[in-house]
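Below: one structure, written as C-alpha cells.
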Amino acid sequence: MSENKDILLKMLADEPKLYDILKSKEHLLVLETLEKEDLNYQTLKTRLGKDIYIKKDIILYNILDTLISGGLIKKIKVNENIVYYLSEKGKNFVRIYKDTKKEFNI
C-alpha cells in the first residue's frame, strides 16, 4: 500500500465524518475550488455553478458548515465579506486525496 493511501485511511479511521466528505462530489468540488484561491460566498457559488447545480443557497451553506466543522476550511470577515479558505488540515486532506486518486486511478 502507498504511503498516501495509508495516511488517507488513518485520517478516515480517526475522523469517520471525513468519509462522508470524501464520498460527496459537491464537498470535494468546494475543497478543490478553495484550493485554488480563497473566495467569498457569491464567487464560490458562481465558480461551482459550472460543475454542480446548487438549487438553493442553504445547500451550499450546509456544505460549507460541514467542511468548517470538519476543520477542512475556515472563514474570515474581510471588508464586510465572508471569505472561505482551506485550513492546513484541508490542504493536507486535498493533497493526499488527489495523490491517492492519481496513484490508484480512482
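The listed residues are Ile82, Ile73, and the only one of them that is β-branched (Val, Ile, Thr) and in contact with a Leu (Cβ under 8 Å, 6 or more places away or on another chain) turns out to be Ile73. Among all positions in segment 44-51, there is at least one residue which is out of contact with any helix residue (DSSP H, G or I) (no Cβ under 9 Å at 6 or more places or on another chain) and either closer than 18 Å to Glu88 by Cβ or part of a helix (DSSP H, G or I) (or both).
Close contacts from segment 53-67, counting a first residue that is under 19 Å from Tyr85 (Cβ atoms) and a second that is β-branched (Val, Ile, Thr) and part of a helix (DSSP H, G or I), with Cβ to Cβ under 8 Å and a gap of 6+ residues or different chains, come to Leu60/Val30; Ile63/Val30; Leu64/Val30; Thr66/Ile21; Leu67/Ile21; Leu67/Val30.
For segment 14-30, a residue qualifies if it is touching a helix residue (DSSP H, G or I) at 6+ places or on another chain (Cβ under 9 Å), under 19 Å from Phe104 (Cβ atoms) and of a type outside the set (Ser, Thr, Tyr), and the qualifying residues are Leu18, Ile21, Leu22, Leu28. Just one of (1) part of a helix (DSSP H, G or I); (2) crowded, with 16+ Cβ neighbours inside 10 Å; (3) in contact (Cβ under 8 Å) with a residue 40 or more places away in the chain; (4) not hydrophobic (A, V, I, L, M, F, W, C) fails for Thr33. It is (3).
Selection of first residues in segment 83-106 that are touching a residue at least 24 places away in the same chain (Cβ under 8 Å) and of second residues that are outside any helix (DSSP H, G or I) and of a type in the set (Val, Ile, Thr), restricted to Cβ pairs under 8 Å at least 6 apart or on distinct chains, gives the following pairs, ordered by first then second residue: Val83/Ile76; Tyr84/Ile73; Tyr85/Ile73; Tyr85/Ile76; Leu86/Ile73; Gly90/Ile73; Thr100/Ile106.
When the criteria are applied in full, Ile59 fails the requirement of being at pLDDT 95 or above, within 18 Å of Asp20 (Cβ to Cβ) and either not in a loop (DSSP other than H, G, I, E, B) or not acidic (Asp, Glu) (or both). Against the test of being surrounded by 12 or more Cβ atoms within 10 Å (Cβ to Cβ) and over 19 Å from Asp99 (Cα atoms), the options Ile7, Ile54, Ile58, Ile76 yield a single qualifying residue, Ile54.
The values are calculated or read from the model by the stated rules, or taken from the named source; none is laboratory data. Because the structure is a prediction, the values reported are computed rather than measured. Please note: Cβ atoms are built from the backbone with ideal geometry, for glycine as well, and neighbour counts cover all protein chains shown.
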